[in-house]
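Before any comments, here is the structure.
The values are calculated or read from the model by the stated rules, or taken from the named source; none is laboratory data. Small disclaimer: the values here were computed from a predicted structure and weren't measured. Every residue, glycine as well, gets a Cβ built from its backbone with ideal geometry; the counts of neighbours run over all protein chains shown.
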Amino acid sequence: MTHPNPFHEAERAAQMRAGVGDVSRWAGGFVRDHLPDQHRRFHAGLPFMVLAGADPSGHVWVTLVEGEEGFVTSPDPQHLAFRADVPDDDPLAQRFSQGGDVGAVGIDLATRRRNRFSGRLRPVPDGFVIRVVQTFGNCPQYIHERSLARVPSSPGPVRRSDALDDDQIARIHAADTLFIGSGQHEGAGAASDGYDASHRGGAPGFVRVEGRNRLLIPDYMGNNFFNTIGNIMADPRVGLVFVDFATGGLLHLRGRASVDWSPDNAHDPDAWRMIRVEVEAVIDRPAALSLRWSRTDGGARKLRVVRKTVESASITSFHLASLDGRPLPRFRAGQHLPITVQVPGQAGTSSRSYSLSGDPQGGEYRISVKREDRGLVSRHLHDALPKGGIIEAGEPSGDFVLPEGRGPVVLIGAGVGLTPILSALHALAGTGRRTWYLHAARSGRDHAMRDEVAALVAAHPNLRQRVFYSRPEPCDRIGRDHHETGRITAGHVLALGAGPDADYMICGPAGFIADLRNGLEDAGIPPDRILFETFGPGA
């Protein structure tokens, strides 16, 4: 299926400037004009929504609206409806009363899931309705886990100014989360016209304040869509909101932004770019929300590296056991493990999430990590964390998990995307469920865990595997090292004959997933039978 280019001219320019190529080649299948059923259910279960838009003067703002349980509903895949009381001191109050373009992000801080969309808002007698124009999911990186509570609402007096005061600067320096709104209108009614709301997160202090009217926001590795940066290149007007999770306060800022493509990384080596915001107006709304959040440690505990195994030219596995001797919490095949490490030379700790690649019944955790040249944490794990080393980890989490049932399963992984797929293969080995394992690698040097998979397949008659090398080396042999030369296509998957009642789990680069998912859906595989998770750049 050919999808229309979902990006406007400035987004495409940002993608080319960043060197990620023609993102529309694969991203058309990720950016949709409707909400899949899983996203409709996700938004309907949230207690708040983040929205971006413009005031009557065209200035961009971001706000949060909240409601009682079930305040958001989805009558059909192209609409979300919600009931919320929007006070007059909300910077987007007139946008709510008059309607117009908005960007939105739904985020569940307890599970670290999020989904973004843009659309057209209009007021209705019992609330508001948004007609969805563009939507896509996001990865959980940089989302800090928090538990939620609700208290009686008692907003404080609103303060307005054209610069930040000392208390507001201190709150920003302590923040680990912000939401940024941006927009552009290229014209001709393109789907990419309108506004975008985006989450940004990092260690406390990741946002720097320079004076009373300038912020520096690091731009980390992301989905390669460059929605925010593309919008800034087209229209520098932006809005920000910092949430005081302990008090429910909202600190709204608006201003003009620019992008530093080659920042000084001394403050934050994870930053690929830096967004500079010149603050023009501040609205401080104490206790604006009745919601309260508290940071959770996710069951954090110290783990020891009991083995460190080189799996391929770029992937190394870390076998982890509890330092205190207590049993590790169980995990489901496909889930990831959030870890925190102290990288020498860094002021604070760094957190990442890596898929668990081992047997869920194995009694230990195993993460298999690809070393990225610009990956601060992956380089530390590969180069500096020895056997016997200590890391801190939370409890396994994530909803990319092996579906229950007795029907066929097709497991597909590309590169280091094999990690959750291999865990699922372990879980399926003794069940009798008919299972195919498809793996894509460049060559034998990059083919991780080949002996482990071969042993599983040989020992369990319900398992089958097919291995694809896209760039085999002269020493790689078809039939011995791999079964096919080239890339995995939807045609290869359909030829297995698993059918529309099978469950398909796919993990790999975003373009790889988009091609497979689009081809499977075009062939009649129901979308809710296709589970996917991206990794690395483009995740």
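Taking strands (runs of 3 or more DSSP E) that do not extend beyond the range 104-167, which have at least 1 residues that are more than 23 Å from A288 (Cβ to Cβ) and not β-branched (V, I, T)?
113-124, 127-137
Of all residues being in contact (Cβ under 8 Å) with a residue 12 or more places away in the chain and out of contact with any strand residue (DSSP E or B) (no Cβ under 8 Å at 6 or more places or on another chain) in the range 458-483, which is surrounded by the most Cβ atoms within 10 Å (Cβ to Cβ)? Just the residue, please.
We begin by selecting, within the range 458-483, every residue in contact (Cβ under 8 Å) with a residue 12 or more places away in the chain; these are 459-460, 462-473, 475-476, 481-483.
Adding the requirement that they be out of contact with any strand residue (DSSP E or B) (no Cβ under 8 Å at 6 or more places or on another chain) leaves 459-460, 471, 473, 475.
Details: A459: 10, H460: 16, R471: 12, E473: 12, C475: 9.
Residue satisfying both the conditions and the ranking: H460.
Which one of V72, V65, V124, V129 is without any contact (Cβ under 8 Å) to a residue 60 or more places away in the chain and touching a helix residue (DSSP H, G or I) at 6+ places or on another chain (Cβ under 7 Å)? It would help to see each step written out before you state the result.
Values: V65 fails: touching a helix residue (DSSP H, G or I) at 6+ places or on another chain (Cβ under 7 Å); V124 fails: touching a helix residue (DSSP H, G or I) at 6+ places or on another chain (Cβ under 7 Å); V129 fails: touching a helix residue (DSSP H, G or I) at 6+ places or on another chain (Cβ under 7 Å).
Checking each option against the conditions leaves just V72.
From the set of residues in the range 484-504 that are touching a Gly at 6+ places or on another chain (Cβ under 7 Å) and touching a residue at least 40 places away in the same chain (Cβ under 8 Å), which is surrounded by the fewest Cβ atoms within 10 Å (Cβ to Cβ)?
Here the answer is D501.
Test of understanding: among G334, G325, G358, which residue is at positive phi and either modelled with pLDDT of 90 or more or of a type in the set (A, V, I, L, M, F, W, C) (or both)?
Within the list G334, G325, G358, the selection yields G334.
With respect to G156, determine if the residue is closer than 26 Å to H8 by Cα and in contact (Cβ under 8 Å) with a residue 60 or more places away in the chain.
So G156 fails the test.
Which ones in the range 514-539 are out of contact with any helix residue (DSSP H, G or I) (no Cβ under 6 Å at 6 or more places or on another chain) and not in a helix (DSSP H, G or I)?
G524, I525, P526, L531, E533, G536, P537, A539
Taking strands (runs of 3 or more DSSP E) that do not extend beyond the range 340-422, which have at least 2 residues that are within 22 Å of the chain's Cα centre (by Cα), among the aliphatic types (A, V, I, L, M) and crowded, with 19+ Cβ neighbours inside 10 Å?
Correct list: 365-370, 409-414.
Give just the number: which of (1) assigned to a helix (DSSP H, G or I); (2) of a type in the set (A, V, I, L, M); (3) under 28 Å from the mean Cα position of the chain (by Cα) does L456 not satisfy?
(3)
Consider E521 carefully, then state whether it is surrounded by 14 or more Cβ atoms within 10 Å (Cβ to Cβ) and closer than 24 Å to H336 by Cα.
When the stated conditions are applied, E521 does not pass them.
Give the number of residues within the range 341-367 that are closer than 18 Å to A271 by Cα and polar (S, T, N, Q). Explain how you work it out, then say what you get.
Within the range 341-367, the first condition is being closer than 18 Å to A271 by Cα, and the residues that meet it are 341-353.
Next, only the ones that are polar (S, T, N, Q) stay: 342, 346, 349-351, 353.
Matching residues across the range 341-367 total 6.
Out of the residues in the range 498-513 that are in contact with a strand residue (DSSP E or B) (Cβ under 7 Å, 6 or more places away or on another chain) and assigned to a helix (DSSP H, G or I), which is modelled with the lowest pLDDT?
Out of the qualifying residues, it is A510.
Only one of these is surrounded by 22 or more Cβ atoms within 10 Å (Cβ to Cβ), modelled with pLDDT under 85, in the same structural domain as N213 (by TED's automatic domain parsing) and not charged (D, E, K, R): S192, S182. Name it. Explain how you work it out, then say what you get.
Values: S182 fails: modelled with pLDDT under 85.
Being surrounded by 22 or more Cβ atoms within 10 Å (Cβ to Cβ), modelled with pLDDT under 85, in the same structural domain as N213 (by TED's automatic domain parsing) and not charged (D, E, K, R) holds for just one of S192, S182, which is S192.
Mind counting the residues in the range 266-293 that are more than 23 Å from the chain's Cα centre (by Cα) and not in a strand (DSSP E or B)?
Summing the residues that are more than 23 Å from the chain's Cα centre (by Cα) and not in a strand (DSSP E or B) in the range 266-293 gives 7.
Can you pull out the residues in the range 297-319 that are among the hydroxyl-bearing types (S, T, Y) and either buried (at least 17 other Cβ atoms within 10 Å of the Cβ) or not assigned by TED's automatic domain parsing to the domain that holds S368 (or both)?
S312, S314, T316, S317
Tell me which residues, restricted to the range 47-62, are without any contact (Cβ under 8 Å) to a residue 60 or more places away in the chain and hydrophobic (A, V, I, L, M, F, W, C).
Correct list: M49 only.
Write out, first by first residue and then by second, each pair whose Cβ atoms fall under 8 Å of each other, whose residues are 6+ apart or on separate chains, and whose first residue, in the range 409-434, is closer than 17 Å to G398 by Cα while the second is assigned to a helix (DSSP H, G or I).
G417/F512; L422/E452; L422/V453
Could you identify the single residue in M233, M221 that is under 21 Å from G21 (Cα atoms) and part of a loop (DSSP other than H, G, I, E, B)? Please lay out each step first, then the result.
Details: M233 fails: part of a loop (DSSP other than H, G, I, E, B).
Selected residue: M221, the only one of M233, M221 that is under 21 Å from G21 (Cα atoms) and part of a loop (DSSP other than H, G, I, E, B).
Report, by residue number, each residue of the range 84-127 that is basic (K, R) and either modelled with pLDDT of 95 or more or loosely packed, with under 15 Cβ neighbours inside 10 Å (or both).
Residues satisfying the conditions are R95, R120, R122.
How many residues does the range 1-28 contain that are in a loop (DSSP other than H, G, I, E, B) and either at pLDDT 85 or above or buried (at least 21 other Cβ atoms within 10 Å of the Cβ) (or both)?
4
Going by the structure shown, is A333 in a loop (DSSP other than H, G, I, E, B) and under 22 Å from the mean Cα position of the chain (by Cα)?
For A333, the condition - in a loop (DSSP other than H, G, I, E, B) and under 22 Å from the mean Cα position of the chain (by Cα) - is met.
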